[in-house]
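To keep things clear, I will list the structure first and then write my remarks on it.
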Amino acid sequence: MSDTGTSVVDLEQRRAAARAQRGTIALEDAEILAHTEWPGDQHITRMHAPRAARRARPGTFAHIGCDPAVPLRRPLSIMRADAAEGWIEVLYRPRGLGLRKLAERRPGDHVSVLAPIGRGFTLDPARPLLLALGGGVGIPPMILLAETARRNPAFRTVVLMGSEVPFPFDLTAAKLPVPGARPEANRSVALLESWGVPSRLASNAGLDGCHRGYVTDLARAWLASLPPADLERVQIYACGPHAMLEASARLARELDVPCEVALEEFMACGVGGCAGCNVRVMTPEGPAMKRVCVDGPVFDARAVFDAAH
């Protein structure tokens, strides 16, 4: 151990992680290309950030300077990225001064963007059936995951979303089947349908066309519909409120299915310097504190929730 209580192994791991991420984060003066407001005070902002767009991976995020009057940046998951056209999109609900200022920005305005940051989701060819679970503002990484996976015909993705406010997407009558979904869950995200990606919606707010209940209920029903051989090919990905992530991890543990979770924590620097976003994670050497911004935000679900108990 060092005199600060940090093991030599942990220090070496941090140094290796830092070396691996050198040159992967771009600082850009990004022009806002489009801004859309949806019911429930939800906003989607598209910005021209070509270097970030080329490097974005599902689960990574952008650290955005929302306004000159707000000194601290705000971390937002990257929802979509188009490398050819050079843009990224973020979805957010303004709950503080920074994001409220960002929501006031309009096409032609510029914001400072650090991106992409963090460790994203792992796509394992041995587990080509992808179950993507997004809750609330945890939905964006699932869109980018589906968009990325559809480029590889070996993968098949099902996206399930939960929200207590109207979904910030154009919805359509579901045509692509999701086994296990009840008849009332008959709406899907039009963009995902156009990609050939099945999706279903869940809500406890009585939203039309949604499963009445939690998104993890939908997940359990879909997993229960699979024959054992297919279940062995499933990988679960989840992002959303802590209770939803814990339920996702519990479901994955029960069925012995691997699960990765993208954590949401308050951040200051966003690049691993301040260690303000530390969480307790189980490692081969035992429990350790890991920084969500650069050691995550994606972690193995068992590592996170086994360490919490």
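Every number here is computed from the coordinates shown, using simple stated rules; none is lab data. All of these numbers come straight from a predicted model, not from anything done at the bench. Backbone-built Cβ (ideal geometry, glycine too); neighbour counts: all protein chains shown.
Relative contact order of segment 236-309, taken over Cα pairs closer than 8 Å and 6 or more residues apart, is 31 percent. Considering only ALA238, ALA126, ALA262, the mean-square fluctuation computed in a Gaussian network model of the chain, springs between alpha carbons under 10 angstrom, is largest for ALA126. Note on the chain: GNM, Cα springs under 10 Å; of ARG100, ARG151, ARG54, the largest mean-square fluctuation is that of ARG151.
Bridges between two residues of segment 129-262, per DSSP, are antiparallel at a rate of about 10%.
Which shape class applies to the chain: rounded if a/c is under 1.5, otherwise prolate when a/b exceeds b/c and oblate if not, where a ≥ b ≥ c are the square roots of the Cα gyration tensor eigenvalues? Note, shape of the chain comes out oblate. Inter-label distance, GLU254 to LEU97: 4.5 nm, where each label sits 7 Å from its Cα along the C-beta direction. Loop-located GluC sites (Glu not before Pro) across segment 82-125 with a Cβ neighbour count of 12 or fewer within 10 Å are GLU85, with loop assigned by DSSP. Annotation for GLU104 and LEU72: the two label points, set 7 Å from Cα along the Cα-Cβ direction, are 1.9 nm apart. Amide H to amide H, with H built 1.01 Å from N, ALA26 comes under 5 Å of ALA115, counting only residues 5 or more places away or on other chains. For the options SER112, SER203, SER194, a Gaussian network treatment of the chain with springs between C-alpha atoms closer than 10 Å singles out SER194 as fluctuating the most. Among the cysteines of the chain, CYS66, CYS210, CYS239, CYS259, CYS277, CYS293 have no other cysteine beta carbon within less than 4.7 Å of their own. Beta-bridge orientation, the chain: approximately 65 percent antiparallel, per DSSP, counting only bridges with both partners inside. When the convex hull of the Cα atoms of segment 164-302 is projected onto a plane and the area is averaged over all directions, what value comes out in nm²? Mean shadow area of the hull around the Cα atoms is 10.1 nm². Scalar couplings 3J(HN,Hα) for segment 269-280, obtained by applying the Karplus form with A = 6.51, B = -1.76, C = 1.60 to θ = phi - 60°, are 7, x, 10, x, x, 8, 6, x, 10, 5, 10, 7 Hz; x denotes Gly and Pro.
What separates the Cα centres of segment 119-169 and segment 55-80 is a distance of 19 Å.
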